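A short write-up of the structure that comes next.
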Amino acid sequence: QVQPVESGGGLVQAGGSLRLSCAASGIIFSINTMGWFRQAPEKQRELVATISRGGGTNYADSVKGRFTISRDIAKNTVYLQMNSLRPEDTAVYYCKFTTWNYDYWGQGTQVTVSS
């Protein structure tokens, strides 16, 4: 089954940076939106950032000015550059590819920010 595959997570100190990547394991046609979500322990999954087919971006207030989402359409890959990381950014980060009729979710990558 085709699905997005995340990479780039890890352990970083507060104030540090990480870059997440997410690429489809196979061919997914007509992706409209690519996005990043995160889920901390005992919390609901929340939106981090999205980027539309046209390049429009949307960010959660908590990451504005610190995180940047970008994508390579030819490679069906989305990136999340995370700067000035905080302990509260610790979570499993998931990417999602949305087509006209289906949401493709990745398995997630752990990001841990130590204080």
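The values are calculated or read from the model by the stated rules, or taken from the named source; none is laboratory data. Predicted model only: the values in this text are computed from it and were never measured. Using ideal geometry, Cβ is built from the backbone for each residue, glycine included, and neighbour counts are taken over all protein chains shown. Protein only, heavy atoms only, side chains kept; ligands, DNA and RNA dropped before computing areas. Shrake-Rupley method; radii C 1.70, N 1.55, O 1.52, S 1.80 Å.
At full extension, Arg66 and Glu42 could sit 6.2 nm farther apart than now, given 0.36 nm per residue minus the alpha carbon distance. Here, the chain has an Rg and a Dmax of 13.4, 41 Å when only alpha carbons are counted. Simple spin-label estimate for Lys75 and Asn101 gives 3.0 nm between the two label positions (7 Å along the Cα-to-Cβ direction from each Cα). Both radii come from the Cα set of the range 1-61: Rg as radius of gyration, Rh as Kirkwood radius; their ratio Rg/Rh reads 0.99.
Share of carbon and sulfur in the accessible area of the chain stands at 47%, probe radius 1.4 Å. Counting only protein heavy atoms and a 1.4 Å probe, the chain has 55 square angstrom of accessible area per residue.
For the range 60-107, a crude dipole built from +1 on the beta carbon of Lys and Arg and -1 on the beta carbon of Asp and Glu, taken about the Cα centre, is about 120 debye to the nearest 20. Karplus-derived 3J(HN,Hα) values for the range 70-81, using 6.51 cos²θ - 1.76 cosθ + 1.60 with θ = phi - 60°, are 8, 8, 10, 4, 4, 9, 6, 10, 10, 10, 9, 8 Hz; glycine and proline are entered as x. Here the chain is treated with +1 on each Lys and Arg Cβ and -1 on each Asp and Glu Cβ, and its dipole about the Cα centre works out to around 200 debye.
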